[in-house]
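Worksheet: one structure, shown below.
The values are calculated or read from the model by the stated rules, or taken from the named source; none is laboratory data. Values in this document were obtained by computation on a predicted structure and should not be read as measured data. Here the Cβ is made from the backbone with ideal geometry for all residues, glycine too, and neighbour counts use every protein chain on show.
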Amino acid sequence: MSVSNSNKFAIAEMLIRKPINDVFTAFVDPAITTKFWFTKSTGSLIQGKTIKWTWEMYDVSIDIKVTDILPHSKIQFTWGNANQNSNVEITFTQLDETKTFVSIKNSGFTGTEDEIVSGIRDATGGFSWVLSGLKAYLEYDIQLNLIADRYPKAIRDH
């Protein structure tokens, strides 16, 4: 069984009960994004700019190349490593003045069938944690530490 090109993507989506400007800004401004996703960033998301995101608890960093930004509508970037780059598209749909629907789609997975399926599974789960953390932070001002707690050091060391 092979994975068709049309199925090589991960997707996570969620309603956030905040105005579209607040939700969009939460992804563009690292002072906010560090409350629910990565721990450090070399800058804000700006079209054409390459920045570095760091997850200090995992001692991992990744370069993000921002390929497109449409304010209050879409953010696109590529990320990855020398072996694989993938594309991420975050779209924002205003449902009313206080509700925004966010969709994160990650595509461009390559490798063996098992590597593609594993990448899609990991990305779907990871972006689900990101959206859940965003929701808690923006709607209730709670930092759930979902990304940090996903792989605690005690478990990683085993």
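May I ask you to say which residue of S44, S86 is free of Cβ contacts under 8 Å to residues at least 60 places away in the same chain, outside any strand (DSSP E or B) and not acidic (D, E)?
S44
Being among the hydrophobic types (A, V, I, L, M, F, W, C) and in contact with a Gly (Cβ under 8 Å, 6 or more places away or on another chain) is the filter here, so list the residues in segment 45-76 that pass it.
I51, I62, V66, listed by residue number.
I'd like to verify a number: residues in segment 89-118 that are touching a residue at least 24 places away in the same chain (Cβ under 8 Å), exposed (fewer than 13 other Cβ atoms within 10 Å of the Cβ) and of a type in the set (D, E, K, R), how many?
2
Give F77, F101 a once-over and let me know the one that is of a type in the set (F, W, Y), at pLDDT 95 or above and under 18 Å from D29 (Cα atoms).
After applying the criteria, what remains is F77.
Residues in segment 86-94: is at least one touching a strand residue (DSSP E or B) at 6+ places or on another chain (Cβ under 8 Å), over 23 Å from N7 (Cβ atoms) and among the hydroxyl-bearing types (S, T, Y)?
yes
Mind listing just one residue for me: the one in segment 53-82 that is aromatic (F, W, Y) and assigned to a strand (DSSP E or B) and, of those, surrounded by the most Cβ atoms within 10 Å (Cβ to Cβ)?
My answer is F77.
If we keep just the residues of segment 113-158 that are outside any helix (DSSP H, G or I) and of a type in the set (S, T, N, Q), which is nearest to F9 (Cα to Cα)?
Residue satisfying both the conditions and the ranking: N145.
Restricting to segment 13-38, count the residues that are touching a residue at least 40 places away in the same chain (Cβ under 8 Å) and in a loop (DSSP other than H, G, I, E, B).
So the count comes out to 7.
What number of residues in segment 50-104 are farther than 19 Å from I16 by Cα and acidic (D, E)?
The number of residues fulfilling the criteria is 4.
Look at segment 94-112 and say how many of its residues are touching a helix residue (DSSP H, G or I) at 6+ places or on another chain (Cβ under 8 Å) and part of a strand (DSSP E or B).
Summing the residues that are touching a helix residue (DSSP H, G or I) at 6+ places or on another chain (Cβ under 8 Å) and part of a strand (DSSP E or B) in segment 94-112 gives 5.
Exactly one condition in (1) over 18 Å from S128 (Cβ atoms); (2) surrounded by 14 or more Cβ atoms within 10 Å (Cβ to Cβ); (3) of a type in the set (A, V, I, L, M, F, W, C); (4) modelled with pLDDT of 95 or more is false for I46; which is it?
Here I46 meets the rest and fails (2).
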